[in-house]
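Have a look at the structure below, then the notes.
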Amino acid sequence: MGLLAGVSFCSEAVSAQGAAESIWPINEWQTSSPEKQGMDSRKLVNLVDFGAARLLTSPGVALSSRLDSLLVVRHGKIVAEAYYAPYTAGIPHAVNSVTKAVISTLTAIASKDGLLDSPIHRALDFFDRRSIANVDDRKEAITIQSLLDMTSGIEWTEPLDGRPDSMFEMERSPNWVNFVLNRPMSSAPGETFNYNSGNPHLLSAIITKLTGMSALEYAKIKLFDPLGISDVYWRHDPQGISTGGFGLYLQARDMAKIGYLYLRNGAWKGTQLLPSAWIDNVTHATVDMHESWAPELRYSDLFWTLPEKHVYMAVGYHGQVIMICPDSDVVAVTTGRDNYPLSNWPIIFPER
């Protein structure tokens with residue numbers, strides 16, 4: 001419901017005012033009154049109030065949940081920013097599956113840099129086939145793109161509205177990459193959408209093989225440093241591979257910088273960091289997520305997309321969202337948490 005409210009906000013709270021010359025928030029974001037950027041203050045106030053009183057429900061279960069922060073950028077300036085106690089500004093937040101969108105971004109950068117020749121490159125080419133279990137024609141057909149689209153066909157249980165058993169099993173295993181690679185296949189690659197945090201973890205391992213450094217190290221050089229993002233923590237698996245599906249910690253303002261990079265079609269201060277074709281692929285996503293509450297949702301390159309509304313999002317558990325609205329020249333960010341975590345879900349703290 002929060003996602004849908006945000007999408008409605010993107011279309012309803014703005015005027016048709018054109019975008020000004022791009023502003024690059026490398027050190028600090030500029031701020032502005034909403035009206036100067038063609039936005040309605042009253043609707044922004046309603047959005048801030050919504051964040052303070054947010055209640056989420058899942059089938060058969062009520063979860064008391066709230067936002068920790070909410071931030072809206074239009075025309076490169078912050079027009080609304082709220083932090084909800086006890087959370088405060090300046091604290092890196094666990095962004096959960098928003099991490100997946102950062103892995104996607106790094107994959108795009110590796111492609112632009114010529115390190116990855118094609119998204120249809122077969123994934124097993126980057127690993128030792130002799131040590132992989134359950135190899136068959138379907139597993140051989142897994143590509144980088146099918147990992148990015150959650151259509152790898154690897155057998156996995158991680159429903160968006162239920163307990164992610166396979167993810168927990170991966171975390172308990174001594175070698176996460178091997179755990180994912182050794183899973184049997186449930187379908188042919190490209191055949192069906194199945195949410196799977198193992199897919200982006202394989203991509204993180206592939207980034208390490210392509211670059212000779214962890215995804216965190218590569219991101220510092222190619223993404224975080226150019227955007228002026230310095231306060232970062234990223235978990236890793238027992239082999240030192242940056243966790244691909246979750247485990248990244250960022251400040252809300254830095255999440256907005258990543259969204260703003262996408263809003264500016266992959267360019268940042270005169271440099272094309274991402275291929276524009278990559279972003280076009282996200283905005284025209286075609287993989288059906290089969291979500292009954294939003295049947296129009298599509299998926300591509302580890303982003304959630306509403307193609308008809310021209311809105312796309314990086315989305316993480318408990319309300320971690322970077323929403324990009326190109327038609328409105330808006331980026332919206334939220335972070336959140338569950339006030340009462342389910343007792344049978346592990347709580348993971350950073351090792352620092």
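The values are calculated or read from the model by the stated rules, or taken from the named source; none is laboratory data. Not measured: the values here are computed from a predicted model. All Cβ positions, glycine included, derive from the backbone under ideal geometry; neighbour counts span all protein chains shown.
Key figures
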| quantity | calculated |
| --- | --- |
| Failed condition for Met150, given (1) more than 14 Å from Phe126 (Cβ to Cβ); (2) modelled with pLDDT of 95 or more; (3) surrounded by fewer than 17 Cβ atoms within 10 Å (Cβ to Cβ); (4) not charged (D, E, K, R) | (3) |
| Count of residues meeting criterion [of a type in the set (Lys, Arg), out of contact with any Asp or Glu (no Cβ under 9 Å at 6 or more places or on another chain) and part of a loop (DSSP other than H, G, I, E, B)] in segment 218-252 | 0 |
| Within segment 286-305, considering residues that are hydrophobic (A, V, I, L, M, F, W, C) and in contact with a helix residue (DSSP H, G or I) (Cβ under 6 Å, 6 or more places away or on another chain), the one nearest to Glu158 (Cα to Cα) | Leu302 |
| From the options Lys220, Lys209, Lys269, residue that is modelled with pLDDT under 95 and more than 20 Å from Val321 (Cβ to Cβ) | Lys269 |
| Of all residues making up segment 268-292, the number that are in contact (Cβ under 8 Å) with a residue 12 or more places away in the chain and more than 21 Å from Ile144 (Cβ to Cβ) | 5 |
| Qualifying residue in segment 178-189 (condition: without any contact (Cβ under 8 Å) to a residue 60 or more places away in the chain and under 12 Å from Ile103 (Cα atoms)) | no |
| Which listed residue, of Phe193, Phe168, is out of contact with any helix residue (DSSP H, G or I) (no Cβ under 8 Å at 6 or more places or on another chain), outside any loop (DSSP other than H, G, I, E, B) and surrounded by 14 or more Cβ atoms within 10 Å (Cβ to Cβ) | Phe168 |
| Strands (runs of 3 or more DSSP E) contained in segment 1-113 and holding at least 3 residues modelled with pLDDT of 95 or more | 65-74, 77-83 |
| Considering residues of segment 266-276 that are outside any strand (DSSP E or B) and not aliphatic (A, V, I, L, M) only, the residue surrounded by the fewest Cβ atoms within 10 Å (Cβ to Cβ) | Gly270 |
| Flag for Ile206 being closer than 22 Å to Leu71 by Cα and buried (at least 22 other Cβ atoms within 10 Å of the Cβ) | no |
| Any chance Lys209 is closer than 30 Å to Lys112 by Cβ, part of a helix (DSSP H, G or I), free of Cβ contacts under 8 Å to residues at least 60 places away in the same chain and more than 21 Å from the chain's Cα centre (by Cα) | no |
| Test: residue in segment 277-292 that is closer than 22 Å to Lys222 by Cα, surrounded by fewer than 19 Cβ atoms within 10 Å (Cβ to Cβ), more than 16 Å from the chain's Cα centre (by Cα) and among the small types (Gly, Ala, Ser) | yes |
| Check on Val79, in contact (Cβ under 8 Å) with a residue 40 or more places away in the chain and of a type in the set (A, V, I, L, M) | yes |
| Filter result for Arg163 (more than 22 Å from Val282 (Cβ to Cβ), part of a loop (DSSP other than H, G, I, E, B) and at pLDDT 95 or above) | no |
| Subset of segment 137-160 [farther than 17 Å from Thr286 by Cα and within 17 Å of the chain's Cα centre (by Cα)] | Glu158, Pro159, Leu160 |
| Pick from segment 293-303, criterion within 17 Å of the chain's Cα centre (by Cα) and free of Cβ contacts under 8 Å to residues at least 40 places away in the same chain, ranking: nearest to Leu202 (Cα to Cα) | Arg298 |
| Yes/no for Met150 being in contact (Cβ under 8 Å) with a residue 12 or more places away in the chain and assigned to a loop (DSSP other than H, G, I, E, B) | yes |
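Residue-by-condition table, conditions (1) in contact with a Pro (Cβ under 9 Å, 6 or more places away or on another chain); (2) free of Cβ contacts under 8 Å to residues at least 12 places away in the same chain; (3) buried (at least 23 other Cβ atoms within 10 Å of the Cβ):
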{"position": "Ser111", "(1), (2), (3)": "yes, no, no"}
{"position": "Pro119", "(1), (2), (3)": "no, no, no"}
{"position": "Leu124", "(1), (2), (3)": "no, no, no"}
{"position": "Arg130", "(1), (2), (3)": "no, yes, no"}
